[in-house]
Amino acid sequence: GAEVVYGPAEVPFSLGISKEEGRSIGAVVSERLTEIEKERGYAEGRLLNADAIIGRVMDGGISGQKIVFGVSEASGVFYRIQSFLPLGDYIFTQEIDSSGKKEEYERNVKRLNLMASLFRLRDKMEIPQAPGICVENGFFAEPPESIREYVTLGIRLVEYPDVHFSISTTNKKKLLASDALEPRIQQAEENAISNGLGGWYSRIKTLRRGDRALGKWKGFEILARLPAQEKEGESHEFKYLSQGEPMNPLLPLVELELRTGVQGNDVGGVKPSLSDEEAVALWDRLTGSIRVRPVAAK
C-alpha cells in the first residue's frame, strides 16, 4: 500500500493544480484580485507609473484561461504574472516574476500561454506514451525547445508510516562539482568534527557507501544509521545522487532519499520500524524500480 505525494514543481515556471469543487475561474480570479489590492502598497519603480497594469486581467491563449498581474513577493519592482487555466474540476496555475518593461512582460505572457497550450489533465494511474513531463494530475506535451524541468515527489508506505522516500529531478545546463554528493558528505564530516560533534559522528553506522549505477544514471550513494541525539532519536538516512547529463530530459540530475523514524515532519520522532537489513532491502527495491518510461518514437 503506497501513496505518491507530489511536492513543488517548475516546468519551467512554478506550477500548481487544485480541485475547485465547482468554483468557477471567475471566482478564483476575483479572490486573487482581492489579494492584489493589498499588494499595491509594495509596488516600486515602474510599477508606480501611470501605465502600470497591477490588477489587470486578460484572456490567455487557451479558451477560459486568464492572465492576472500582481506584485512580486520577492521585489516590488517586478510583476507577479499568473496564468489560471480551468480544466474540468481543476484549475491549473503557473506564475513568473517579470520586470515592468512592456516588451519583457509581454514575452513572459507568451511563454505562459505556450505552456498552457501543452498541458492536459492526467489520471493518476496513466503512464503517457508520448514524450513530455508528468506532474501532479497533469501532463505537459514535449515543449518545442529545451526548458528547465524540476519535479519532486515522495512515496509514503501504509505499512511503515515512519518511512519517507523522496525523489527530485531537474535538468541543468551544466554540471557543478558542488552538486555532487560525495564532496558534500566529506564537508559535513569536517564540519561535524570542527563543531565538536566528532564523538556523535564516529558512532554513525555506515551500511553502504560508494559509486552506484541506476540504469543509465551513474552516481554515488551512502546508506547510514544515525545514532540518537539530544532532541532526536536514531534513524536511517539513505541518499543517492547522479548529476546525469546537462539538459538531457531523459537523463536529468536525480536525487533520492529515504528516512526512517519520521513522525510528522520530525526525523527521529519515533523508533525506526525497519531493521538495517530491512531498510536496505526496501531502498534497493524502490531505487531499482526507477527507469525512463517508454515513449513512442518521434
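The values are calculated or read from the model by the stated rules, or taken from the named source; none is laboratory data. Remember, predicted model here, so these are calculated numbers, not experimental data. Positions of Cβ are generated from backbone atoms using ideal geometry, with glycine treated the same way; all protein chains shown enter the neighbour counts. Just the protein is used for accessible areas: all its heavy atoms, side chains included, with ligands, DNA and RNA removed. Shrake-Rupley method; radii C 1.70, N 1.55, O 1.52, S 1.80 Å.
What the table below lists for this structure:
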item	result
Gain in span if fully extended, V57 to Q129, counting 0.36 nm per residue against the direct Cα distance	22.3 nm
Accessible area (Å², per residue) of the chain, counting only protein heavy atoms and a probe of 1.4 Å	55
The stretch 59-136 versus the stretch 164-226: alpha-carbon centroid distance in Å	35
Candidates per chymotrypsin sites (Phe, Trp or Tyr not before Pro) in the stretch 81-188, loop by DSSP, up to 13 other Cβ within 10 Å	none
Most to least packed among 247-254, 270-277, 170-177 [average Cβ atoms within 10 Å]	247-254, 270-277, 170-177
In range of the label at T34: residues from the stretch 62-91 whose backbone nitrogen is under 19 Å from the point 7 Å along Cα→Cβ	68-71, 84, 91
Sequence-distant lysines (8 or more away, or on other chains) whose Cα lies within less than 25 Å of K19	K66, K124
Proximal lysine pairs, the stretch 145-298, alpha carbons under 23 Å, eight or more residues apart or interchain	17
Most fluctuating residue given options E145, E31, E190, as computed from a GNM of the chain linking Cα atoms under 10 Å	E145
Ellipticity estimate at 222 nm from DSSP helix runs (n ≥ 4, -39,500 (n - 2.57)) divided over the chain, nearest 500	-6500 deg cm²/dmol
Prolate/oblate/rounded label for the stretch 1-111 (Cα gyration tensor, a/c 1.5)	prolate
For peptides 223-231, 15-23, 71-79, sequence by mean Cβ density within 10 Å, most packed first	71-79, 223-231, 15-23
Percent accessible area from carbon and sulfur atoms, the chain, protein chains only, probe 1.4 Å	51
Gaussian network model of the chain, springs between alpha carbon atoms under 10 Å - residue of R203, R122, R259 with greatest fluctuation	R203
